[in-house]
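Inspection log for the structure reproduced underneath, given as structure tokens.
What follows draws every value from the coordinates through simple rules; no lab data is involved. All of these numbers come straight from a predicted model, not from anything done at the bench. Quick reminder, even Gly has a Cβ in these numbers, built from the backbone with ideal geometry, and neighbours come from all protein chains shown.
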Amino acid sequence: MALKTRTTHAPACRIPATSVADIAFLLVVFFALIANEPDRTQVVLPESNAQVAAAENAAIVVVGYEGEQLVLDEPVYKFSDGVTASEIVDGPTGLRGEAGRLLETDPARQFRLKADGRTPCRVIGGVLDALTRAGGTQVVMATTEKDPGGAP
Amino acid sequence: MKIRKRPLGRLSIDAEMKTDSTGDVAFLLVIFFMLTATFAATRGIEFGLPDPSPIDGGDGRESVLISVGPDGTLLVDCEPMAASEIVGYLAPRLSRNPNKPVIVHPHEEAPYSSLVAVLDELAAAPDRGFSVDNVQISTPQIVAEYREYFGRNPLDEHCL
């Protein structure tokens, strides 16, 4: 006697993935847009409640630390005109030179100071002096917004 | 015997494009951008740099002096004070004269975050109905000019 075998049918359990790709592409576009920042130095910014927006074309001055060993008196100084990628400069003297060159063409150019919150004020004072002597008038000290629910 | 003929012209062609791999590639790109992205720090506290011209007098007596210690502790006109109390202290002194200088004198070793905390409190003054229009930070250059002009640093001797 011939036995009837049951033919197996693959269940139709395919998950439509078209919308997943759409969402992923939106995320790609988002991250690609925010990746347009001229300076990518990782800096632990201080916190503040005040959050004034810097000018879009503001030049960027970076005082940060690289590597695992943190030597507070030996930060890395970087400068960007706000368009091109930031480059390491030779301390406050180098900052003054770069800022001076920029201010020759645009005397009202604003500066965005992106400095590590642990930096000694002596170092920050040197940066402010360099910008003042270069002819700078306005600085926005970059901060992260203070958490309203956090510690005072 | 009947032979079943396949009907001609009724072949169904699956016209759907496979997009599963597109999602995979897109997610790989998402992960790449997430790892390399740096959020732009474009907001903060605005500060007007001083005029680079030499100082023209005044020894700090007619101003408010906020000293920031190496550990971030504050002395406002030689009185220990919390950062949150600064605006209340300044309100009666600056409501009539917003141009009265407020000199922030951080210790060389004080962390930058403590200087920002003071400037943040000063920026909150308009919420209390007055403004602080003349904030100065004693940078090394300014201290050197004070020393050259006065033969000493009056900011260090203010509380003696």
With 10 angstrom as the radius, rank B:Met17, B:Met34, B:Met81, A:Met141 by how many other C-beta atoms surround their C-beta, starting from the fewest.
B:Met17, B:Met34, B:Met81, A:Met141
When the Cα centres of region A:27-103 and region B:68-119 are compared, how far apart do they sit, in Å?
27 Å
Shielding by partners, peptide B:64-72 (average Cβ within 10 angstrom, other chains)
0
Rounded, prolate or oblate: pick one for region B:83-152, where a ≥ b ≥ c are the square roots of the eigenvalues of its C-alpha gyration tensor, a/c under 1.5 means rounded, and failing that, prolate if a/b is larger than b/c, else oblate.
oblate
Averaged over peptide A:128-134, how many Cβ atoms belonging to another chain are found within 10 Å of each residue's Cβ?
5
Lys and Arg at +1, Asp and Glu at -1: neighbours of A:Ala24 with Cβ under 13 Å from its Cβ sum to -3
Taking the Cβ of each residue in B:Cys78, A:Cys13, A:Cys121 as the centre, tally the other Cβ atoms inside 10 Å and list the residues starting with the fewest.
A:Cys13, B:Cys78, A:Cys121
Please report A:Thr132, B:Thr139, B:Thr73 as a ranked list, fewest other C-beta atoms within 10 angstrom at the top and most at the bottom.
B:Thr73, A:Thr132, B:Thr139
Roughly how crowded by other chains is peptide B:140-147, in terms of the mean Cβ count from those chains within 10 Å of each of its Cβ atoms?
3
